């Protein structure tokens, strides 16, 4: 299963040149992971009530093209690997008007 989360780029996401600050890509990917968990019937709050916490152990991001002010983006998130105490997410960031990937990420999370 994959989730597709739309994200609009606002001024707060960019530098003075209107280009998305690199750390904000990680925020977009975090939203995508949270959305994926929600779409399978859980929320991070519900998992916490059950004593399950998801912490990111490692994030690798490749920046392939810039995102700019007022771009409409799509964060595509899916699980690449599930182990006993961890999940690896594969994520891509697209402009919604093109098939071009502008960033991709592998995130390794541990369940505590």
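Assorted remarks:
- Packing-based exposure ordering (other Cβ within 10 Å, fewest first) of 73, 93, 111: 111, 73, 93
- Residue 55 paired with residue 106, simple spin-label distance in nm, labels 7 Å along Cα-to-beta-carbon: 2.2
- Relative contact order %, the chain, counting alpha carbon pairs below 8 Å whose residues are six or more apart: 32
- Seen against the Cα atoms of the chain and their longest principal axis, helix 22-39 is set at about 40 degrees.
- R0 of 35 Å, Cβ-Cβ distance residue 15-residue 38: FRET efficiency to nearest 0.05: 0.70
- One Cα centroid belongs to segment 72-108, the other to segment 1-22; the line between them spans 15 Å.
- Order of 16, 112 under a 10 Å beta carbon neighbour criterion, fewest first: 16, 112
- Spin-label pair residue 84/residue 97, simplified geometry with 7 Å Cα→Cβ offset, distance in nm: 5.1
- Helical runs assigned H by DSSP (4 residues or longer) give the chain a calculated mean residue ellipticity at 222 nm of -6500 deg cm²/dmol, each run adding -39500 (n - 2.57) before division by the residue total.
- Translational diffusion of the chain, µm² s⁻¹ [Kirkwood Rh, Cα pairs; Stokes-Einstein; 10 °C; 1.306 mPa s]: 109
Every read-out reported here was derived from the displayed coordinates using simple, explicitly stated rules and does not represent laboratory data. Keep in mind that what you see is a predicted model, and the values were worked out from it rather than measured. As a convention, Cβ positions derive from the backbone with ideal geometry for all residues, glycine included, and neighbour counts pool all protein chains shown.
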